[in-house]
Structure formats: C-alpha cells, structure tokens
Amino acid sequence: PRNAARDESGELRIAGVPVSELAAEFGTPAFIVDEADFRSRCRDMMAAFGPYGRVHYASKAFLCTEVARWVNDEGLSLDVCSGGELAIALRAGFPAERIALHGNNKSPEELAAAVDAGIGHVVLDSMIEIDRLDAISGERGVVTDVLVRVTVGVEAHTHEFISTAHEDQKFGFALAGGVAMDAIRRVFATDNLRLVGLHSHIGSQIFDMDGFELAAHRVLGLLHDVVDEFGVEKTSQMSIVDLGGGLGISYLEEERPLPVGKVAETLADIVRRESEAVGLPMPIIAVEPGRAIAGPGTVTLYRVGTVKDVALGGGATRRYISVDGGMSDNIRTVLYQAEYDVRLVSRVSDARAVVCRVVGKHCESGDIVIKDCWLPEDLGPGDLIAVAATGAYCYSMSSRYNMTMRPPVVAVADGAARVMLRRETIDDFLSLEVGS
Ligand code: LLP
C-alpha cells in the first residue's frame, strides 16, 4: 500500500494504524485495504485515460458496496460480469448508466436485470446472445446499447488461464474468419439493439505494451471494414473503442508496471490516426482496469501458528510456516503459480533470513500461499506476517473450503479502521441449511 510504513518500534502501520491493533480488533486472517491507495489509483487512471474517454473499474477484482461508492466518487464507470456484481453495484447506488455488463453466458435473467436497471451498455459475446438481448429489449420496448467483443488473436504473455484474446478460448467473436463482422451485421439488423462500439480484452497481468497496441490496430482495422460496408455515417454511432483491462501490477519488487500515462497516449495515438484515416470522428477510448486499481493497496494479515522443519533428504530441510488462512483466501498461488512478497510486520528481527514456504491450514499439500521466500529464522507462533498486493482476485475468488469462514475486509484511512465486510461466522453457513 502507498500508505504503509514501519514505526519507531519496527511495526508496520497502514494508513497510520499498527498491524497489531488491526489483528487484535478484527482477528486474522484479514484483508486490510488502504482506502487512499485505492482512490489514488482510480485518480491515476482517470488522469491518464480520462482525457480520451472512460475508465471502468472491473469489479470482478473486488467489489462490495463501499468500494462501489469509492469508484463512483472518483468518477469512474463500472464493469460487472454477473447478476451478483450488478446487484451489489445497484445496491450501492452506482449510477446504472455508467455500468457495463460482460460475460460469455449471461443468463436471460441477468440480461433482463441489466435492461430493467437501465445500464449503460451490454458487451455482446455470442450470436445467441444478440438474439436473446434483442428479444428482451423488444419485449420491454427499449433499445439497448451494445458493444461487440472482438477476439483479436493477440497472445498476451501471461498465464494461460488469464489470457483471453488468442483464438482457442471461449470469449468474444473472432476477427479471424469474419465472425466479428458477421456479429456486427447481425446487430445492425436487429430492431432493439444499438451498436455503440467494439470491445477487446487481451488478458491480465500484462507488462508488455505490444499486445495492447496490436489489439488497438486490429480493432480499428475492423472499424475500417465496417466503414467500407456500411459507410462513415452509420459507423460513427460506434463511438466507443474499449480496450479492456489487463495492466500488470508489481507483486514482487522487481516487477515494473507499465506507466499508465504512456499507455493511454500510445493507444490514443493509434486510435486517432486510424480513425482519421477513414474519416471517422475520434472514438471514446474505454479501459477496464481491475487489478491495477484494487490490487496493490491491500495486504492479507496472517498470524503464524506453527513452524516445522521438514527433512528433504541429503541433510537439507525446508521450513514450513503455517498461517491461519490459505487457499481459501488466496487461490492464486495454486491456480496460477502466482508469486507474492511477504514480510514479518508485527516487529523487526535481526535474525538471519532463511528460506521458508508459507502454507495455509487447509487439508491438502497444495495449500501454499508462498512457495519460496526469505523470512527471519526466529519467526514463530504469534508473529504477524503480511502478504502484499492481495486486493485483486483474492477475496473475490475466496472459498469456504474446509468450512473456513471468509476473513473480514477492513478499510483503513487517516489512522482509523472500519470493517467493510465482516468475518463470516458458523451461523452464516448454517443459515443456508434448509430443514435441519
Ligand atoms: N475486462 C474484462 C473483459 C475482463 O475479462 C477482465 C478480467 C478485466 C477487464 C480486468 O482485468 P485486470 O485489469 O484486472 O487484469 N483471476 C485472475 C484474473 C482474471 C481476469 C479476468 N478478466 C487472477 O487472479 O489473476
């Protein structure tokens, strides 16, 4: 977090609040969110991309009603990709016209809820969905604004599961083989959909500008084809070019995020040049960062429970540090071989650093939070450790595995802490049981 620093005693304070106080008040594990960090990243994105268009916060990274209000306060729009995310956003009072709905298999109920709420636009992902949304809009006597999601065939250099614009995956309409152009024709032929632009999302945790640039070129190339077939006037209603999310963040000190200002300028140049070339007005550029806004400002606070040296053979040992959470609050290590930075935060230690593996408390050996890290040799039960940059895709991908109660999410700002999401209790579990 931007507002984290050690005090004189060596203990970490986040937004002025000592971690031992946070642990005492809210228990561990806990997600601690530096509110000012989150908001400042919203502002950085707005400063970079605002002049060219819009920034949608991708709520799948992390959402609760309070965070939706922060996003709204800072003037961003919001992406949702399920009826659940939509419901939370609306409950928070997020203006519907600044919400966009995504997903490769939105249910008729989700589409209807979005139309009834009057959301800004729906990002279309299949031919079936074009007909479905047309019918739903028609039944209600409304015209729904839509984008067509294009699979541009760019291989983003990131983990296979989170890269989304290569050919062989489930999202979007392929540019290859003219599928995307067919989708555009189909939308133009409907009575109740208005095509307001094109969308591309190439993947997540990206550090390389080339993929974004190539995607922008290809989306604009498709816009040229639309001009050729339908003329400038009709194409002009497609005023949004949405280039998705995916900006990488630094989980480890050596990782260098792309400078957002530069990304925005570069993409805007491409879009401007190529739209002028075919006589189109400059489109609005939209982006959808999730991780880059929510990720860096949050830490997971764990308490060390046990320490065990395990013999590896040949005299070598590995030190296993067990904490009170694990794969239920952070599945990313197991799922994507994600790497994280971890520190002893409740005190400083002069002891030498030893190689450790930080593991959770779940009943399987794959329950690893950090595969290899250096921690002080005297780290032991009761110490607090913090794993950095867990604000995106940790709570939102959390589970109740082993009947584990989800940790609280606590916001800190100006020396004060307050719970945004409380810790789950056994009664939350039992409340789902029917007839017992
Ligand atoms: N827009 C669309 C259409 C997306 O599918 C996504 C992420 C985003 C925006 C936001 O991407 P971001 O800026 O956060 O990279 N669970 C994985 C990440 C999955 C991302 C899915 N889509 C992880 O933990 O790394």
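No lab work stands behind these numbers, since they all come straight from the coordinates. Computed from a predicted structure; not experimentally measured. A quick note on method: Cβ atoms are made from the backbone with ideal geometry, for glycine too, and the neighbour counts reach across all protein chains shown.
A few remarks follow.
- Fluctuation leader among G178, G246, G360 - the chain, Gaussian network, Cα springs under 10 angstrom: G178
- Based on Cα atoms of the chain, Rg over Rh with Rh as the Kirkwood radius reads 1.01.
- Entries of K60/K262; K106/K371; K106/K361; K60/K371 with Cα pairs more than 29 Å apart: K106/K371; K106/K361
- Of all the options T298, T65, T151, the one that moves most in a Gaussian network model of the chain with Cα springs shorter than 10 angstrom is T65.
- Largest GNM mean-square fluctuation among V148, V334, V409, using the chain with Cα springs under 10 Å: V334.
- Helix 127-140 axis, angle to the chain major axis (alpha carbon atoms, nearest 10°): 80 degrees
- Cα-based radius of gyration of the range 216-257 once divided by 2.2 N^0.38 Å, which approximates compact folds: 1.84
- Summary of packing: across the peptides 304-311, 193-200, the per-residue average of other C-beta atoms within 10 Å ranks them, highest first, as 193-200, 304-311.
- Sorted by Cβ density within 10 Å, fewest first, the residues F31, F212: F212, F31
- Cβ-defined net charge surrounding R185, 12 Å radius [Lys, Arg +1; Asp, Glu -1]: -1
- Whole-Hz ³J(HN,Hα) from phi, Karplus 6.51 cos²θ - 1.76 cosθ + 1.60, for the range 274-279, glycine and proline x: 7, 7, 4, 4, 10, x
- Label point distance in nm, V179-R140, each placed 7 Å from Cα along Cα→Cβ: 2.8 nm
- Backbone N under 17 Å from the Y320 label point (7 Å along Cα→Cβ), restricted to the range 330-354: 334
- Chain lengthening between E109 and D208 when straightened (0.36 nm per residue, less Cα-Cα): 31.8 nm
- Between the range 75-114 and the range 385-436, the alpha-carbon center distance in angstrom: 22 Å
- Full-extension gain in nm, E21 to Q237, via 0.36 nm per residue minus C-alpha separation: 72.3 nm
- Amide H contacts under 5 Å for T317, placed H, 5+ residues apart: L312
- Exposure proxy ranking, count of Cβ atoms within 10 Å, fewest first, for R132, R13: R132, R13
- Note on the range 59-293: Cα-Cα pairs beyond 27 Å make up 32% of the total pair count.
- V115, V67 arranged by Cβ crowding within 10 Å, fewest neighbours leading: V115, V67
- Under 20 Å from the E265 label point (7 Å along Cα→beta-carbon), backbone N, the range 38-77: 43-55
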